[in-house]
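Single-structure report; data block below.
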Amino acid sequence: MINKEQIEKALSKVLVPGVGRNLAQLNMIQGIEAADNTVRVSLASTALSQHSRDWVKNQIEAIVEKLPEVNKVEAEFVEIKPKELNQVSNIIAVMSGKGGVGKSLVASLIAIALNRQGNEVGILDADITGSSIPKMFGISTRPTGSDTGILPVISRTGIEIISMNLLLPQEDDAVIWRGPLIDKAITQFWEEVVWGKLDYLIVDLPPGTADAPLTVMQVVPLSGVIIVSTPQDLAAMVVRKAVSMAQKMNKPILGVVENMSYLYVPEIDKRIELFGKSKGKLMAQAARAPFLGQLPIDPELARLCDEGAIERYNSDTFTTLSQAFIQTLPNAKIERQKQ
């Protein structure tokens, strides 16, 4: 007799059009029944066009009918809101009161580190007016969907990404919106995108402590916050405002990362502290959180970001920082690393 596990294994071969993840990963399988040589599959229709529904249905019928003792396959769709469909285990916000300190870079590196360790990861780019995530990942594909939801875009290594830049006619078009519209866009990215089943969703916050970060902290059930700073006194002063905001909003600070800490010159084997002595440990003490480490100014990393190939980045510093990230974040998988 055909069992549910066999059917689920067969359904894992059906990829959702426009996103490249299977039905189970997007949590679209709502029910499976097998009786009298007939298999009935109930699926969420969320974010699927009529054409996509027909394609998915045909694929299910073709694959499941090949299973032994199956004579008939029936697939039906039910309407479910994306927010009810999504199962995200941990949501980590990356923030700083100061602009230009590398929040998007750190958010991307955290996502890449977790993805390499076998976690299912997504990035919600909440920097509506200054999006840079798609550029670093080399993504220009427009998200697909329907009036019931939006499907995220998948990076080369399988990271789900949603960003305002992916919805603009041109990536350098300005988003000239007031706060309420920005807040609405962030809320839609959380509630109307089909994230499916994720181990981690990384939220890249815009600078400051005003509308957008406040909306994220009020609307999105954050597991914690990672603070990004740089060595300058001015940056440290402003970043403390972000620390204060997270503390007042009762959001756990999981760690502090100092970016642009130094420039290593291999020809003379010397570190040059372009922006002064490191203040990362002092910042971590002020945040009452672990100091996760330093990121240097790395021309190779800058080149890969410009080329849209940040997922290819590797360095000893990044490996060390990745280990600190993963040990700090809740429930991270560390036993199996993706190649």
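The values are calculated or read from the model by the stated rules, or taken from the named source; none is laboratory data. Since this is a predicted model, take the numbers as computed values, not measurements. Using ideal geometry, Cβ is built from the backbone for each residue, glycine included, and neighbour counts are taken over all protein chains shown.
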Could you please find all residues in the range 182-211 being in contact with a Phe, Trp or Tyr (Cβ under 8 Å, 6 or more places away or on another chain) and surrounded by fewer than 24 Cβ atoms within 10 Å (Cβ to Cβ)?
Ala185
Can you tell which of Leu263, Leu198, Leu205 is touching a Pro at 6+ places or on another chain (Cβ under 9 Å) and under 24 Å from Glu160 (Cβ atoms)?
Leu205
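So which helices (runs of 4 or more DSSP H) are wholly in the range 224-339 and hold at least 2 residues that are over 20 Å from Ile159 (Cβ atoms) and of a type in the set (Gly, Ala, Ser)?
Values: elements: 233-248, 280-287, 299-306, 316-328.
Passing ranges, in order: 233-248, 280-287.
State whether the residues of the range 135-151 include one that is within 11 Å of the chain's Cα centre (by Cα), in contact (Cβ under 8 Å) with a residue 24 or more places away in the chain and assigned by TED's automatic domain parsing to the domain that holds Glu311.
Filtering the range 135-151 for residues within 11 Å of the chain's Cα centre (by Cα) gives none.
No: the range 135-151 contains no residue that is within 11 Å of the chain's Cα centre (by Cα), in contact (Cβ under 8 Å) with a residue 24 or more places away in the chain and assigned by TED's automatic domain parsing to the domain that holds Glu311.
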Of those in the range 18-44 that are under 31 Å from the mean Cα position of the chain (by Cα) and modelled with pLDDT under 90, the residue nearest to Leu67 (Cα to Cα) is Gly20
Could you check, for the range 236-245, whether at least one of its residues is buried (at least 21 other Cβ atoms within 10 Å of the Cβ), assigned by TED's automatic domain parsing to the domain that holds Ser155, in contact with a Phe, Trp or Tyr (Cβ under 9 Å, 6 or more places away or on another chain) and not polar (S, T, N, Q)?
no
Name the single residue, out of those in the range 23-72 being within 22 Å of Thr148 (Cα to Cα) and of a type in the set (D, E, K, R), that is surrounded by the most Cβ atoms within 10 Å (Cβ to Cβ).
Lys57
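Quick test for you: out of Lys184, Lys135, pick the one residue that is closer than 24 Å to Glu84 by Cβ, assigned to a helix (DSSP H, G or I) and not aromatic (Phe, Trp, Tyr).
Values: Lys135 fails: closer than 24 Å to Glu84 by Cβ.
Criteria check complete, one pass: Lys184.
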Give the number of residues within the range 73-106 that are within 20 Å of Trp55 (Cβ to Cβ) and loosely packed, with under 14 Cβ neighbours inside 10 Å.
3
Taking the condition of being in contact (Cβ under 8 Å) with a residue 40 or more places away in the chain and either more than 30 Å from Leu254 (Cα to Cα) or not hydrophobic (A, V, I, L, M, F, W, C) (or both), how many residues in the range 53-90 meet it?
20
Here are some residues: Gly97, Gly118. Which one is at positive phi and either in the same structural domain as Asn259 (by TED's automatic domain parsing) or in a helix (DSSP H, G or I) (or both)?
Gly118
